[in-house]
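The values are calculated or read from the model by the stated rules, or taken from the named source; none is laboratory data. This is a predicted model, so every value here is computed, not measured. As a convention, Cβ positions derive from the backbone with ideal geometry for all residues, glycine included, and neighbour counts pool all protein chains shown. Calculation scope for accessible area: heavy atoms of the full protein, side chains included, ligands and nucleic acids excluded. Shrake-Rupley method; radii C 1.70, N 1.55, O 1.52, S 1.80 Å.
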Amino acid sequence: MDGNPIHSERHMRIVCVGAGASGLCFAYKLQRSFQNFSLKIYEKNADVGGVWFQNRYPGCECDYEAHNYTYSWEPKPDWPRVYATAEEIRGYFGDFARKYELYRYCKLSHRVLAADWKDSEGVWKIKVQDNNAQTMEEEADIFINATGILSTCKWPDIPLLDDFQGAKMHSGAWDENVDLKGKRVCLIGNGSSGQQILRAIQPIVSHLTVVIRQPTWILGPFGEPQRAYSAEEIQNFKDNPSSLITKRKQFESRVNSYFGFCLKDSPQQAQIRAHVTQELRKKLNAANTANLNESAVIPSYSVGCRRPTPGVGYIEALTSPDVSLVVGQVSKATKTGIIDTNNVEHAVDVLICATGFDTSHRPPFSVRGIGGKDLREEWRGRATGYLALAAPDMPNYFVFYGPNNPFGSGAFLITVEAQADYMLKMCDRWQTENIHSFAPKKEVVKELQQHLDNMIAKTVWSDSCNSWYKPTGQATPASLWPGSGLHYMEAISMVRAEDYNFQYKRDRFSWLGNGFSQVETDPECDLAYYIRGQDAGEYLGKRNKRRKLAAGDRLDSKSLHVFGPR
């Protein structure tokens with residue numbers, strides 16, 4: 001018989017890569033709920049914030065209302081405006097890390113080079129390089145990949161791109177030393193970043209050549225229009241937290257009602273498509289320009305196949321006299337500019353590529369699991385994981401927003417929170433059940449992917465469009481969750497142990513210990529805790545459990561409205 005009580009905790013070493021929103025969320029939740037652990041977060045950048053630290057291009061801001069781009073439990077009443085800038089969001093995550101003393105876990109300016117699973121020891125061996133190019137090795141019982149899929153810049157596949165001799169930069173790696181004032185600039189890309197850059201730099205450059213490789217649905221503000229909050233409004237949010245909660249719930253409820261638009265041939269999809277098409281045509285007519293063809297601005301694919309954008313001021317900037325338009329791919333680059341498919345050369349001083357990121361889900365470093373299998377190679381053709389969280393043959397390994405994450409149909413940060421909760425449930429089992437390793441079963445992942453693909457076929461994401469949701473091309477099913485964000489959260493709310501292969505340090509029941517419970521050995525516990533005057537126990541059926549969890553202050557459905565110009 002083991003000499004310790006049931007569920008005794010062993011020391012747990014966790015290494016996390018990335019100190020963005022997900023890495024900080026994991027650190028906070030781990031610190032709040034666990035003891036007897038060590039945590040190291042290796043971050044390649046000089047500070048926390050992830051994508052918001054890295055993206056510094058002109059006009060960079062979040063298209064999600066600022067009061068809702070926070071952790072669910074950590075509101076910020078003093079956002080200065082409806083939509084926050086990248087700098088302001090960096091400030092939020094930095095303040096959060098300081099408030100909860102999370103910097104003590106962070107190793108900034110450290111880049112993970114490789115991670116190797118040693119099955120005989122049940123540990124990950126992780127190679128890390130600091131900013132002085134010195135390498136070191138770290139060991140972890142649990143390895144978390146929180147690098148995200150919007151961190152590795154994807155340059156356009158343009159022949160002779162390296163021949164261009166002017167300034168060249170990517171929206172995700174902005175060179176703040178380049179002065180654009182009075183310059184001839186070529187901007188490639190018309191997604192959210194491209195549209196924001198266009199609006200910001202158009203007034204200061206001498207001429208702007210915009211390359212539109214594919215039109216994008218422009219919905220208008222996702223919430224209320226951008227504006228500054230008055231001092232009175234901010235003070236009210238501070239003094240009356242309930243009014244801020246109401247505001248946040250209203251916006252979040254609109255976001256969580258969005259999935260109906262994502263279904264092919266649904267009345268909601270037809271409604272939003274007709275509405276947005278009409279609004280775009282009005283803007284084009286108001287611009288009164290003959291050189292902007294409607295097909296360059298209004299897509300033929302369903303709304304949502306490619307991520308829609310607010311596009312505030314986009315049409316107006318695009319139709320300015322000092323802007324010329326190239327529709328389609330760039331044929332090749334030259335020393336002094338680009339050549340379009342009509343063999344027309346456009347001479348420019350600066351080339352800006354707002355062409356997105358490597359969204360293949362392949363980690364930016366080698367991750368070798370059982371038998372030396374490298375996850376980068378396993379996911380080279382198509383990434384298929386388990387519930388956007390884990391991968392076969394990768395023991396004690398988790399990834400935030402992996403393959404089939406609900407990027408297209410739910411609130412982002414609440415998904416991060418739900419994924420962190422799931423990971424920590426598994427960490428708790430590892431710590432208290434003498435588990436050597438756990439990894440999802442191959443056959444389960446294969447069956448799950450087939451089921452998700454069948455569901456995806458019924459959504460707009462299966463339509464024909466180029467999108468970062470389809471990292472390996474149009475023919476590949478979108479790497480998205482084929483349901484709503486709330487649907488995904490409910491799907492991962494419980495750990496399905498039957499979907500995993502578990503290996504144990506000793507016999508699988510050694511966690512039973514010496515016959516004593518933890519309650520008996522903890523002086524702060526009541527030995528008769530179950531005696532009570534009324535039943536306040538947890539509901540065991542899913543319906544009652546859900547209703548208690550999500551009772552909240554329900555909003556009148558009439559207060560909700562669809563995305564789009566109003």
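First measure r as the distance between the Cβ atoms of Y504 and N342, then evaluate 1/(1 + (r/R0)^6) with R0 = 56 Å and state the FRET efficiency to the nearest 0.05. Plugging the Cβ-Cβ distance into 1/(1 + (r/R0)^6) gives 0.25. The distance linking the stretch 232-300 with the stretch 400-427 is 24 Å (Cα centroid to Cα centroid, whole angstrom). Per residue of the chain, the DSSP helices (runs of n ≥ 4 H) give a summed -39500 (n - 2.57) that works out to -8000 deg cm²/dmol at 222 nm.
Note on K373: accessible area approximately 70 square angstrom, rounded to 10, probe 1.4 Å, nucleic acids and ligands left out. Quick one: helix 192-201 against the long Cα principal axis of the chain, what's the angle to the nearest 10°, folded into 0 to 90? Long axis of 192-201 versus the principal axis of the chain: about 50 degrees.
The listed residues M423, M494 rank as M494, M423 when sorted by accessible area, largest first, using a 1.4 Å probe.
Pairs of Cα atoms in the stretch 48-146 fall into 10 Å distance bins, from 0 up to the last occupied one, in shares of 13, 33, 28, 20, 6, 0 percent. For semi-axes √(5λ) of the Cα gyration tensor in Å, the value computed from the atomic coordinates appears in the list (i) 39, 37, 27; (ii) 54, 27, 20; (iii) 43, 28, 23 under label (iii).
From the C-alpha gyration tensor of the stretch 353-441, pull out the three semi-axes of the equivalent ellipsoid (sqrt of 5λ each), sorted largest to smallest, in whole Å.
Equivalent ellipsoid semi-axes, largest first: 24, 19, 9 Å.
When exposed loop sites are taken as GluC sites (Glu not before Pro) in a DSSP loop with at most 15 other Cβ atoms within 10 Å, the longest stretch of the chain clear of them is 177-523.
If each residue of separation counts as 0.36 nm, what is the full-extension length gain between Q474 and D179 once their alpha-carbon separation is subtracted?
Full extension of this stretch gives 102.5 nm more.
Taking only protein heavy atoms and a 1.4 Å probe, the accessible area of the stretch 356-473 is 48% carbon and sulfur. Coupling constants for the stretch 154-170 follow from the phi torsions by the Karplus curve (6.51 cos²θ - 1.76 cosθ + 1.60, θ = phi - 60°), and in residue order they are 10, 7, x, 7, 10, x, 6, 4, 5, 6, 4, 9, x, 5, 9, 8, 9 Hz; glycine and proline get x. Expressed as a whole percent, the accessible area of the stretch 1-136 that falls on carbon and sulfur atoms is 44 (1.4 Å probe).
In terms of its Cα atoms, the stretch 321-397 spans 56, 24, 21 Å along the principal axes, sorted from long to short. In this simple spin-label approximation, D163 and L113 carry label points 7 Å from Cα along the Cα→Cβ vector, and these lie 3.6 nm apart. Taking label points 7 Å from Cα along the Cα-to-Cβ direction, R13 and L549 give a separation of 3.4 nm. How far is helix 412-432 tilted off the main Cα axis of the chain, in degrees rounded to 10, range 0 to 90? Orientation of helix 412-432: about 20 degrees from the principal axis.
Applying the Karplus relation 6.51 cos²θ - 1.76 cosθ + 1.60 with θ = phi - 60° to the stretch 300-313 yields 3J(HN,Hα) values of 8, 7, 5, 5, x, 4, 9, 4, x, 10, x, x, 5, x Hz, where x marks Gly and Pro. For the pair S517 and Q534, the difference between a 0.36 nm per residue extended length and the Cα-Cα distance amounts to 3.7 nm.
Using equal-weight Cα scatterers in the Debye expression, the normalised intensity of the stretch 396-459 in log10 at q = 0.11, 0.15, 0.20, 0.22 Å⁻¹ is -0.35, -0.63, -0.98, -1.08. Shown is the FRET efficiency for E279 and I245, computed with R0 = 41 Å from the Cβ-Cβ distance and rounded to the nearest 0.05: 0.85. Taking the chain, the Cys residues with no second Cys beta-carbon under 4.7 angstrom are C16, C25, C60, C62, C106, C153, C186, C262, C353, C427, C525. For R56, the residues whose amide H sits under 5 Å from its own are W174, ignoring neighbours fewer than 5 places away on the same chain, with H placed 1.01 Å from N. Normalised per residue, the accessible area of the stretch 459-508 is 48 Å², obtained with a 1.4 Å probe and no contribution from ligands, DNA or RNA. Mind grabbing the base-10 log of I(q)/I(0) for the stretch 189-330 at q = 0.20 Å⁻¹? Debye formula, identical points on the C-alpha positions, no solvent, two decimal places. Rounded to two decimals, the profile gives -1.20.
Exactly which trypsin sites (Lys or Arg not before Pro) in the stretch 162-244 are in a DSSP loop and have at most 13 other Cβ atoms within 10 Å? Hits after loop and neighbour filter: K181, R227. Database remark: amide H of Y83 closer than 5 angstrom to the amide H of A66, R227 (H placed geometrically; neighbours at sequence offset of 5 or more, or on other chains; Pro and chain starts carry no H). Note that the stretch 9-20 has calculated 3J(HN,Hα) couplings of 8, 9, 5, 10, 9, 10, 10, 10, 10, x, 10, x Hz, one per residue in order, obtained from phi through the Karplus relation 6.51 cos²θ - 1.76 cosθ + 1.60 (θ = phi - 60°); glycine and proline are x.
Amide H to amide H, with H built 1.01 Å from N, C106 comes under 5 Å of I41, counting only residues 5 or more places away or on other chains. With a cut-off of 15 Å between beta carbons, the residues surrounding W52 carry a summed charge of -3, where Lys and Arg count +1 and Asp and Glu -1.
The solvent-accessible area of S193, taken with every protein chain present and a 1.4 Å probe, is close to 30 Å².
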